[in-house]
Amino acid sequence: MRIGIDLGGTKIEIIAFDGDGRTLDRRRVATPQGDYAATLAAVAGLVEALEGGLGRRGTVGVGMPGTLSRASGLVKNANSTCLIGRPLRDDLQRLLGREVRLANDANCFALSEAVDGAAAGAAVVFGVIVGTGVGGGIVVHGQVLDGPNGIAGEWGHNPLPLPAGADLPLPACYCGRAGCIETYLSGPGMARDHARAGGATLTAEALVAAAASGDAACEATLQRYEQRLARALAGVVNLLDPDVIVLGGGLSNLDRLYASVPRLWLPHVFSDRVETRLVKAAHGDSSGVRGAAWLWPA
């Protein structure tokens with residue numbers, strides 16, 4: 001039995017597969033906010049409950065925000081800042097009494113979609129999570145590209161291309177820089193942008209709903225979001241030239257993105273035509289947890 005865990009900013013999800021890839025059980029709980037010890041306890045509790053219910057023990061893979069430092073083994077680059085500098089793998093292995101494999105959540109997401117999701121069969125896949133944070137993962141011929149620094153695909157902490165007008169001043173990012181793609185394209189980033197433009201304090205979900213109902217200010221916020229996403233993804237196309245870009249996370253459910261963004265990225269791509277497809281994740285918010293389970297072979 002393989003167990004996958006998606007350690008997200010708002011929820012922790014667990015899934016169990018049998019040897020044939022059939023789902024045996026899945027559960028989720030809210031992520032304790034800003035509390036490392038409570039987060040560890042929540043993960044351990046999910047594993048205990050799932051294995052107790054199934055009467056079986058499994059391998060454990062975890063998709064996490066950020067990555068592990070190759071130098072120290074501690075968490076770095078996580079938008080869930082309570083994890084930064086913590087020995088997450090060691091602590092989970094101690095609590096669970098077994099080896100635990102960890103990978104960046106966007107890498108898990110991209111792997112899941114490349115294997116049997118919206119990008120199945122594609123040679124080069126860039127997976128993007130646009131939700132509480134912004135992440136990216138690269139899969140080439142079915143293998144996750146990790147890199148010597150463990151940061152391949154960390155697209156969210158590149159600067160937004162061509163900032164001007166409403167993009168300025170550059171918003172501060174938790175990573176210590178300013179103007180990171182994540183500060184504009186995450187759900188909280190969209191909400192902050194709307195408020196900065198003089199709008200009401202709304203969540204990203206409320207903004208989308210209001211725009212669909214004809215609210216002009218919310219519609220303007222979504223148009224700014226689309227322009228920024230197009231510029232940011234054009235840089236990915238120019239550098240990686242992927243066959244498919246797959247969107248996941250809460251904002252991937254904004255269906256208008258799949259028509260508007262490929263049209264808007266055209267002026268920024270160094271080509272006379274763009275064959276790269278922009279698609280929604282086939283497995284929705286389950287892709288990350290599924291990919292985490294596949295960190296172990298069948």
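Per the Cα gyration tensor, segment 245-298 maps to an equivalent ellipsoid with semi-axes of 28, 15, 7 Å, ordered largest to smallest.
Dividing the Cα radius of gyration of the chain by its Kirkwood radius returns 0.97 for Rg/Rh. With contacts taken as Cα pairs under 8 Å and at least 6 residues apart, the chain reaches a relative contact order of 21 percent. Close amide-amide hydrogen proximity is noted between Asp25 and Ala16, each under 5 Å apart and 5 or more residues distant or on a separate chain (H modeled in the peptide plane; Pro and chain starts excluded). Ranking Ala293, Pro148, Gly21 by Cα position along the charge dipole of the chain, where only Lys, Arg, Asp and Glu carry charges on their C-beta atoms, puts Pro148 farthest toward the positive end.
Tell me, what HN-Hα J-couplings in whole Hz come from the Karplus equation 6.51 cos²θ - 1.76 cosθ + 1.60 at θ = phi - 60° for each residue of segment 254-266, using x for Gly and Pro? Working through the residues one at a time gives 7, 4, 5, 4, 6, 9, 6, 5, x, 6, 6, 7, 3 Hz.
Spin-label model, Arg277 to Ala197: label points 7 Å out along the Cα-to-beta-carbon direction sit 3.1 nm apart. For segment 149-298, the square roots of the Cα gyration tensor eigenvalues, ordered a ≥ b ≥ c, give a/c below 1.5, which places it in the rounded category.
Farthest toward the positive end of the dipole of segment 21-122, out of Gly117, Gly58, Gln33, is the Cα of Gly58, where the dipole comes from beta carbon charges about the Cα centre.
If a/c stays under 1.5 just call it rounded; otherwise compare a/b with b/c (prolate if a/b is bigger, oblate if not). Do that for segment 1-94, with a ≥ b ≥ c from the square roots of the Cα gyration tensor eigenvalues. Prolate shape, in that a/c is at least 1.5 and a/b is the bigger ratio. Axis angle, to the nearest 10 degrees, between helix 105-116 and the longest C-alpha principal axis of the chain: 90 degrees. Phi angles of segment 92-102 translate, via the Karplus equation with coefficients 6.51, -1.76, 1.60 and θ = phi - 60°, into HN-Hα couplings of 5, 5, 5, 5, 8, x, 6, 5, 10, 9, 10 Hz per residue; Gly and Pro are given as x.
Rounded to the nearest 20, the size of the Cβ-charge dipole of the chain about its Cα centre is 360 debye, with Lys and Arg at +1 and Asp and Glu at -1. Note on Arg22 and His141: the extension gain reaches 40.5 nm, defined as 0.36 nm multiplied by sequence separation minus the Cα-Cα distance. Phi-derived couplings, Karplus 6.51 cos²θ - 1.76 cosθ + 1.60 at θ = phi - 60°, listed residue by residue for segment 217-225: 5, 5, 4, 5, 5, 5, 5, 4, 4 Hz, with x used for Gly and Pro. Could you grab the relative contact order for segment 154-298? Cα pairs under 8 Å, six or more apart, rounded to a whole percent. Reported relative contact order: 18 percent.
Could you tell me whether segment 79-191 comes out rounded, prolate or oblate from its Cα gyration tensor? Rule is a ≥ b ≥ c as square roots of the eigenvalues, rounded for a/c under 1.5, then prolate if a/b exceeds b/c, otherwise oblate. Oblate is the answer for segment 79-191, as a/c is 1.5 or above yet b/c matches or exceeds a/b. For the peptides 133-140, 57-64, residues were scored by their other Cβ atoms within 10 Å and the scores averaged per peptide; the highest-first order is 133-140, 57-64.
Each reported figure results from applying straightforward, stated rules to the coordinates on display, with no laboratory input. In this text the structure is predicted, and so the values were computed from the model without any measurement. Backbone-built Cβ (ideal geometry, glycine too); neighbour counts: all protein chains shown.
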